[in-house]
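Since the structure comes first, as structure tokens, the remarks are kept for the end.
The values are calculated or read from the model by the stated rules, or taken from the named source; none is laboratory data. All values derive from a computational prediction rather than experimental measurement. All Cβ positions, glycine included, derive from the backbone under ideal geometry; neighbour counts span all protein chains shown. Just the protein is used for accessible areas: all its heavy atoms, side chains included, with ligands, DNA and RNA removed. Shrake-Rupley method; radii C 1.70, N 1.55, O 1.52, S 1.80 Å.
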Amino acid sequence: MNRLSERAVLGLALTLAILFISHRPATSQEKSVRPGINKPFENPDIKEFAGKFEVESREIFAKRQDIVTACKLKPGMIVADIGAGTGLFTRLFAKEVGPSGKVFAVDIASNFIDHIEKTCKEQGLKNVVGVVCKQDSVELPANSIDLAFICDTYHHFEFPFKTMTSVHRALRPGGQLVLVDFRRIKGQSSEWVLNHVRAGQEVVTKEIRAVGFKQIEEEAKLLKENYFVRFEKTESPRNR
């Protein structure tokens, strides 16, 4: 090969490399977007967090039945409650999908999962499976769920693209995602929300779309402090 040909080949290789790097999908993200945000959940005190999560002053708890209704669950569905916490929605979902359905209670804290399994057993709910997940993966089998539910948890994802790619993989074709999270609007949201929640709805929606989802519905009047948005699984992410 003469020098001119070598230069042409090297030039083409360099161009392709630049194009590959500049067009790498967001799912290649490796660094945490909020290091340390989940430290309180390394060994959470159940009583303490039940007092925070399951109290009428929390909009999500006060509107829990309305949220469950808006999820449009049916008997026999398989649902994943991602960031299940103390199991508030896990237990409600288990009753909705019935004995022929199943609910995966997914959380990074084994304490929470132990508590959920205990309370479900006490209530005679036999269709709940606890899953201790990783910071960057929900650890669910591929094509195993009909609906993923993420409530006041997305802003705790240190690796949102990797985590959402794992959610996409776990959903069956045409499966849906329901997202509930804090409205983060400067001049309107509380200082706590502005400091605690890293991104507003527009940014979050873009991130979720980037891994293979399309927004199909929003319950604009359901909540005030939070938003309720439904997505549907579409194409596969380019990089798994």
Extreme residue, modelled with the lowest pLDDT, among residues of segment 192-240 that are over 17 Å from S166 (Cα atoms) and of a type in the set (S, T, N, Q):
N195
Within segment 73-89, the count of residues that are under 18 Å from the mean Cα position of the chain (by Cα), of a type outside the set (A, V, I, L, M, F, W, C) and under 19 Å from R230 (Cβ atoms) comes to 2
From the set of residues in segment 40-60 that are without any contact (Cβ under 8 Å) to a residue 60 or more places away in the chain and more than 21 Å from G130 (Cβ to Cβ), which is surrounded by the most Cβ atoms within 10 Å (Cβ to Cβ)?
R58
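Applying the selection to segment 122-148, what residues are under 25 Å from K72 (Cα atoms) and among the basic types (K, R)? Outline the logic, then answer.
First, pick out the residues of segment 122-148 that are under 25 Å from K72 (Cα atoms): 123-131, 138-148.
Within segment 122-148, just K126 meets the criteria.
Using the structure shown, decide if V128 is farther than 25 Å from I145 by Cα, open to solvent by 10 Å² or more (accessible area, probe 1.4 Å) and touching a helix residue (DSSP H, G or I) at 6+ places or on another chain (Cβ under 8 Å).
On the way: farther than 25 Å from I145 by Cα: no; open to solvent by 10 Å² or more (accessible area, probe 1.4 Å): yes; touching a helix residue (DSSP H, G or I) at 6+ places or on another chain (Cβ under 8 Å): yes.
Answer is no for this residue.
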Residues of segment 61-110 satisfying the condition of being β-branched (V, I, T), surrounded by 19 or more Cβ atoms within 10 Å (Cβ to Cβ) and not in a loop (DSSP other than H, G, I, E, B):
I67, I78, V79, I82, T90, V97, V103, V106
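Out of S166, S189, which single residue is under 25 Å from G101 (Cβ atoms), out of contact with any helix residue (DSSP H, G or I) (no Cβ under 6 Å at 6 or more places or on another chain) and of a type in the set (S, T, Y)?
S166
When you scan segment 25-34, do you find a residue that is at pLDDT 95 or above, surrounded by 15 or more Cβ atoms within 10 Å (Cβ to Cβ) and assigned to a loop (DSSP other than H, G, I, E, B), even just one? I'd like the intermediate steps shown before the answer.
As a first pass, look at segment 25-34 and keep what is at pLDDT 95 or above: none.
The answer is no; no qualifying residue exists.
Every residue, every condition in (1) open to solvent by less than 70 Å² (accessible area, probe 1.4 Å); (2) touching an Asp or Glu at 6+ places or on another chain (Cβ under 9 Å); (3) not hydrophobic (A, V, I, L, M, F, W, C), yes or no:
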| residue | (1), (2), (3) |
| --- | --- |
| T205 | yes, no, yes |
| V211 | yes, no, no |
| K214 | no, yes, yes |
| R230 | yes, yes, yes |
Taking C151 as meeting all but one of (1) more than 25 Å from E218 (Cα to Cα); (2) touching a strand residue (DSSP E or B) at 6+ places or on another chain (Cβ under 7 Å); (3) of a type outside the set (D, E), write down the number of the exception.
(1)
So the check is Cβ under 6 Å with 6+ separation or different chains; which pairs have a first residue in segment 130-146 that's free of Cβ contacts under 8 Å to residues at least 60 places away in the same chain and over 11 Å from A109 (Cα atoms) and a second one that's open to solvent by less than 70 Å² (accessible area, probe 1.4 Å) and hydroxyl-bearing (S, T, Y)?
D136/T163; S137/S166; V138/S166
In segment 166-193, residue most open to solvent (accessible area, probe 1.4 Å) [restricted to those that are under 19 Å from P40 (Cβ atoms) and hydrophobic (A, V, I, L, M, F, W, C)]:
W192
